[in-house]
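I have placed the structure first, in the form of structure tokens, so that the comments after it can refer back to it.
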Amino acid sequence: MTPLLLLPGMMCDARLFQPQIAALSGRHTLITAPIGGADTMTALARTVLNAAPPRFAVAGLSMGGILGMEIIRQAPDRVAAVALMDTNPLAEKPDIQARRGPQIEAVQSGRLAEVMRDEMKPNYLTEGPDRAAILDLCMAMALDLGPEVFINQSRALRDRPDQCDTLRSFDGPALVLCGRDDALCPVSRHDLMHDLLPNSTLKIIDGAGHLPTLEQPTKTTAALARWLEAI
């Protein structure tokens, strides 16, 4: 059975996929990769590939999806299938790039919790009964990962390349999934990825924003399970 490599989003770890790990680990080999040890997508992908099995499926959310695309670019023959969740195949826009510098400076001066609270966490979730608990989990993950990971990931996202050609060339089973209310990576970005990928399924999750794995875990897990059946 093909192992599944899970790539979390910025300042997240395996806890981002807690519900999916609980539901799928009895039937699938799951591997979660840390993605904060370098400050370019190229180097991050190389690190993941060095530790990954010879062939695997990859599921990435947000920055994890961006990294998953770079992994496909570097080693397309090793990737059996891809799930891209709440992510973006395009290079970063100049206005967002411009915000990275002040955020990095703030984190370097000891204000990681403030940056996460005021500038990042409010953009993550739609309204729902579990919103407060999920935001608390996001803060816990970020503080556990720490400033160095934030800085590395910010630089990697800022300088990332466009991956549209990468998606056009990948013909394995692909799932493109996002929360309908995702303000960071809107549905239009997922329509684009669905159009680019030759063998993809598009799934929009109602009642979720940027983190459907936690906001709507049952619906998200069901979509991932269906995708895995095609591998």
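Before moving on, here are some points about what is shown:
- Per-residue HN-Hα couplings for segment 69-78 [Karplus 6.51, -1.76, 1.60; θ = phi - 60°; Hz; x = Gly/Pro]: 5, 5, 5, 4, 4, 7, 9, x, 6, 8
- Protein heavy-atom accessible surface, 1.4 Å probe, per residue over the chain: 42 Å².
- Backbone HN-Hα couplings from phi across segment 2-10 [Karplus 6.51/-1.76/1.60, Hz, Gly and Pro as x]: 5, x, 10, 9, 9, 10, x, x, 4
- Net lengthening on full extension, A98/A22 (0.36 nm per residue, minus Cα-Cα): 23.5 nm
- In a simple Cβ point-charge model (Lys, Arg +1; Asp, Glu -1; nothing else charged), the chain has a dipole of about 420 debye relative to its Cα centre.
- Result for the chain in a Gaussian network model with C-alpha springs under 10 Å: among D39, D13, D118, the largest mean-square fluctuation is at D118.
- Measuring between their Cα centroids, segment 133-151 and segment 156-231 lie 23 Å from each other.
- Each label point was placed 7 Å from the Cα along the Cα-to-Cβ direction; for D118 and D159 their separation is 2.8 nm.
- The distance between label points at Q74 and D136 comes to 3.7 nm (points 7 Å beyond Cα on the Cα→Cβ vector).
- With the simple spin-label model, which puts each label point 7 Å out from Cα in the Cβ direction, the M1 to A225 separation comes to 1.3 nm.
- Percent accessible area from carbon and sulfur atoms, the chain, protein chains only, probe 1.4 Å: 50 percent
- P(r) for segment 1-92, from all Cα pairs and a bin width of 5 Å, is 3, 15, 28, 29, 17, 7, 2, 0 %, short bins first.
- Backbone N within segment 64-80 under 16 Å of label point (7 Å from L192 Cα along the Cβ vector): 65-67, 69-70
- Heavy atoms of R46: accessible area, 1.4 Å probe, square angstrom to 10: 120 Å²
- Value of relative contact order over segment 1-135, rounded to a whole percent, pairs C-alpha under 8 Å and six or more apart: 22 percent
- Derived scalar couplings between HN and Hα for segment 218-231 equal 5, 5, 5, 4, 4, 5, 5, 5, 5, 4, 5, 5, 7, 8 Hz in order, rounded to whole Hz, by the Karplus curve 6.51 cos²θ - 1.76 cosθ + 1.60 (θ = phi - 60°), x for Gly and Pro.
- Among E70, E105, E119, the order of accessible area from largest down is E105, E119, E70, computed with a 1.4 Å probe on protein heavy atoms.
- Among 90-103, 154-167, the order from most to least packed when residues are scored by Cβ within 10 Å on average: 154-167, 90-103
The values are calculated or read from the model by the stated rules, or taken from the named source; none is laboratory data. Remember, predicted model here, so these are calculated numbers, not experimental data. Methodologically, a virtual Cβ is constructed for each residue, glycine included, from the backbone with ideal geometry; neighbour enumeration extends over all protein chains shown. Remember, those area values only see protein heavy atoms, side chains included, never the ligands or the DNA or RNA. Shrake-Rupley method; radii C 1.70, N 1.55, O 1.52, S 1.80 Å.
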